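Have a look at the structure below before the remarks.
The values are calculated or read from the model by the stated rules, or taken from the named source; none is laboratory data. In this text the structure is predicted, and so the values were computed from the model without any measurement. Using ideal geometry, Cβ is built from the backbone for each residue, glycine included, and neighbour counts are taken over all protein chains shown. Side chains are part of the model used for accessible areas, which takes the heavy atoms of the whole protein and leaves out ligands, DNA and RNA. Shrake-Rupley method; radii C 1.70, N 1.55, O 1.52, S 1.80 Å.
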Amino acid sequence: MRVIYSEDHKLRDARTELYAGQLVTPFEAPFRAEWILAALKEAGFRDIVAPDAHGQETARKVHDPAYLDFLATVWERWVAAGFTGEAIANSFPVRRTSQRVPDNIVGAIGHYANAADTSITKGSYEAAIASMRCAVTGADWLNAGNRFAFALCRPPGHHAGIDLFGGYCFINNSGVAAQRLLDRGAQKVAVLDVDFHHGNGTQDLFYHRGDVFTASLHGDPMHAFPYFLGHADEQGEGEGTGANRNYPMPPHTPWHVWSSALADALARIKTFGAEAIVLALGVDTFERDPISFFQLKSEDFIRMGEMISAAGLPVVTCMEGGYGVPEIGLNVANVLKGLEA
Ligand code: OKP
Ligand code: ZN
């Protein structure tokens with residue numbers, strides 16, 4: 001297992017997250033990547049490399065280029081407007097409103113946001129690029145003929161849509177990895193999202209495409225973020241018809257229920273004809289995750305890796321969520337061990 005990690009994740013270190021009516025210290029913080037890296041070293045993972053210096057080329061094939069240009073410049077525009085706090089969207093184009101991008105930075109940030117939980121700071125864009133570079137470098141490890149890579153992406157990516165940030169995500173790392181696999185010769189790939197939260201961004205990127213199968217196992221959006229996407233009847237459109245699969249599950253879902261959804265998703269990935277899997281790995285399905293409601297235990301993450309490995313495909317894993325508790329490192333290491341078992 002090659003591990004790809006960049007110190008530049010530390011450039012994203014926000015002070016604020018709008019949560020429960022207050023500005024709190026963000027759940028998605030630098031300690032997460034540090035704890036995961038330490039646990040991997042502890043578990044004996046030794047092949048740890050920095051990412052290659054990719055630009056936006058691949059990202060521009062899955063995101064709206066104007067959105068990426070916005071991300072690159074939002075902080076300087078926010079500062080130029082005279083604002084001293086972190087950049088938080090507070091006004092949104094909702095039902096029956098114009099989809100024009102306002103010139104005003106407060107309007108523009110609202111246009112490109114899908115949630116107000118994600119404050120933009122100096123360095124957030126640079127960290128998001130470093131995170132994306134880990135994913136592309138991981139995909140290229142598979143393109144070179146290897147079976148497993150782990151991109152220790154931070155910030156995460158699966159809530160980032162074609163032209164939307166939020167849910168702690170800016171650039172859809174897993175989606176960019178999938179595009180990179182296709183650009184280097186794969187005909188069909190799958191993104192398998194096992195984060196507790198629905199991969200609404202990834203679904204958005206590929207909803208009309210027939211070359212990427214997307215599957216997400218997550219807390220029922222009737223009860224959990226991102227609330228407005230992730231229902232079972234969303235199955236893709238146009239050329240993508242049948243190539244999106246959602247597995248919403250209720251509060252307190254345990255491994256024996258969760259794993260039957262995983263088995264179904266893996267069977268469909270095989271039937272689809274995917275040549276590789278991009279695993280969007282969140283470990284916020286853990287029973288003690290502070291913002292989630294599933295009941296997976298640390299040993300379940302080994303089984304998870306084993307089941308995914310049994311599909312027999314190359315797997316590039318991209319880090320998504322998992323918060324608060326020290327076990328996030330162990331749980332990631334367990335998935336990777338299960339993959340290689
Ligand atoms: C990002 B990832 C919890 C507040 C929700 C957004 C969660 C983003 C999760 N009730 N805030 O999918 O782990
Ligand atoms: Zn999550």
Which ones in the range 79-132 are touching a Gly at 6+ places or on another chain (Cβ under 9 Å) and in a helix (DSSP H, G or I)? Ala128, Ile129, Ser131, Met132
Give all pairs with beta carbons closer than 9 Å in which a residue from the range 136-156 that is under 13 Å from His54 (Cβ atoms) and open to solvent by less than 10 Å² (accessible area, probe 1.4 Å) meets a residue that is part of a loop (DSSP other than H, G, I, E, B) and of a type in the set (A, V, I, L, M); count only pairs at least 6 apart in sequence or on separate chains. Ala139/Ala276
Which of the following residues is within 16 Å of ligand 2 (Cβ to nearest atom) and surrounded by 20 or more Cβ atoms within 10 Å (Cβ to Cβ): Phe206, Phe225, Phe213? Phe225
In the range 157-183, which residue that is assigned to a helix (DSSP H, G or I) and among the hydrophobic types (A, V, I, L, M, F, W, C) is nearest to Asn244 (Cα to Cα)? Ala178
Looking only at the range 10-34, and only at residues there that are farther than 21 Å from Phe148 by Cβ and part of a helix (DSSP H, G or I), the one that is least open to solvent (accessible area, probe 1.4 Å): Arg32
Residues located in the range 273-322, provided they are acidic (Asp, Glu), more than 16 Å from the chain's Cα centre (by Cα) and closer than 30 Å to Gly145 by Cα: Glu275, Glu299, Asp300, Glu306
Among (1) of a type in the set (A, V, I, L, M); (2) out of contact with any Phe, Trp or Tyr (no Cβ under 6 Å at 6 or more places or on another chain); (3) not in a strand (DSSP E or B), the one test that Ala261 misses: (2)
Which residue out of Asp204, Asp220, Asp193 is within 12 Å of the chain's Cα centre (by Cα) and within 16 Å of ligand 1 (Cβ to nearest atom)? Asp193
Do the conditions hold for Phe150, that is, is it outside any loop (DSSP other than H, G, I, E, B), in contact with a Ser or Thr (Cβ under 8 Å, 6 or more places away or on another chain) and closer than 17 Å to Ala87 by Cβ? no
